[in-house]
1. Rounded, prolate or oblate for the chain? Axes are the square roots of the Cα gyration tensor eigenvalues, ordered a ≥ b ≥ c, and the cut-off for rounded is a/c under 1.5.
2. Once amide H atoms are built 1.01 Å from N in the peptide plane, which residues 5 or more positions from Val7, or in another chain, come under 5 Å H to H?
3. If you scale each eigenvalue of the Cα gyration tensor by 5 and take the root, what three semi-axes come out for the stretch 147-276, rounded to whole angstrom and sorted largest first?
4. Report the semi-axes of the equivalent ellipsoid for the stretch 1-146 in whole Å, largest first, where each axis is √(5λ) for an eigenvalue λ of the Cα gyration tensor.
5. Say each of Ala44 and Thr165 gets a label point 7 Å from the Cα, pointing the same way as Cα to Cβ; how far apart are those two points in nm?
6. Sorting check: for 250-256, 197-203, 118-124, which peptide has the highest mean count of neighbouring beta carbons within 10 Å, and how do the rest follow?
7. Please give, to one decimal in nm, the separation of the simple spin-label points placed at Ser75 and Arg140, each 7 Å out from Cα toward the Cβ.
8. Please work out the FRET efficiency for the pair Leu52 and Asp87, using the Cβ-Cβ distance as r and a Förster radius of 25 Å; give the result to the nearest 0.05.
Amino acid sequence: MTGPPLVEVADEVVADLKKKLVDPNSSLPEKYRVLFSLRNVKGAAAHDALELALKDDSALFRHDVAFCLGQRQDSRAIQVLTSILHDSNEHPMVRHEAGEALGAIGTEECLTPLREHQQDGVLEVAETCQLALQRIEWLRAHPEAGDEESPYYSVDPTPALPTSTPTEELRQVLLDENKRMFDRYSALFALRNKGGDEAVAALGAVFGARSALLKHEVAYVMGQMLDKKAVEFLSGVLKDGAEHAMVRHEAAEALGAIADRVTLELLRQYAADPEPIVAHSCVVALDVLEFEQAGGFEYADKGDGGEAAPAKRPICPCRG
């Protein structure tokens, strides 16, 4: 349950990326390209640049920075992530992502803040901290799983159930409102790993569930799967102004990853959504789309030195 290994990059390249990241004149898509490079870069300089980015005005961007800090699994991030989790004035989506990131890092030091917020007044934050604690507990009982690399280059909030599990059984677990969120997530990731029409249909049924946290994770994995059968589900979520912003934002970025004519028109329409998190997600998704349509491979800023870590996952994850 690890992400891809961090790589060495020249100090001058990291310095150039950091400069662009904190430049008030950098557009949001430009900052995202930098973020996706720094996420995979080893060392204190990259970590310090990401910490500075947590002061950005965009809640969407801050939450993705918190996500990247968790994916790096660098214990240097624990202090700043804990501060975010404690900050009741911070956007709930950013606090949720900080909690998930602490769960991804998973050391003893992460337990205290997660325990303090497992009954948080914000449901999504509370559920995230409960999941994170259960993930750490599960890894303690299954230490051999800690070295497994995800097929999607991500540190998932829970392990996946075996892909040999029948799809209908996974669907039942996923949709059961009485099951632990940990178990429902484990079914969710198994369906992602299985893929195919039946798996997408089972995942799409979640959008009728109560938990915004679960729905946002389903939208995220649909973006990972890149299955066009998911477009109908995701489009409906993005269009629903009554849906939680964290779910709609994840649907927007997933649509950007799937990338076809229908999604392009929809993202352009909702780039002016009154909810900033949704609008900003559409702007970034459109930039990713335009980059890929121009023949680009890695959605990342390589810095003036032309060197950067590979950006395996060119959209958000939040997991978060």
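1. Note, shape of the chain comes out rounded.
2. Val41, Lys42
3. 24, 16, 13
4. Working: eigenvalues 136, 72, 22 Å².
Gyration-tensor ellipsoid for the stretch 1-146: 26, 19, 11 Å.
5. Modelled inter-label distance: 4.3 nm.
6. Working: 250-256: 30.7, 197-203: 19.6, 118-124: 15.1.
Descending packing order for the listed peptides: 250-256, 197-203, 118-124.
7. Distance between label points: 1.6 nm.
8. Values: r = 17 Å, r/R0 = 0.67.
According to the calculation, E is roughly 0.90.
Each value in this text was obtained by applying a stated rule to the coordinates, not by laboratory testing. If you're wondering where the values come from, they're calculated on a predicted model, not measured in any experiment. Positions of Cβ are backbone-derived with ideal geometry, glycine not excepted, and every protein chain shown enters the neighbour counts.
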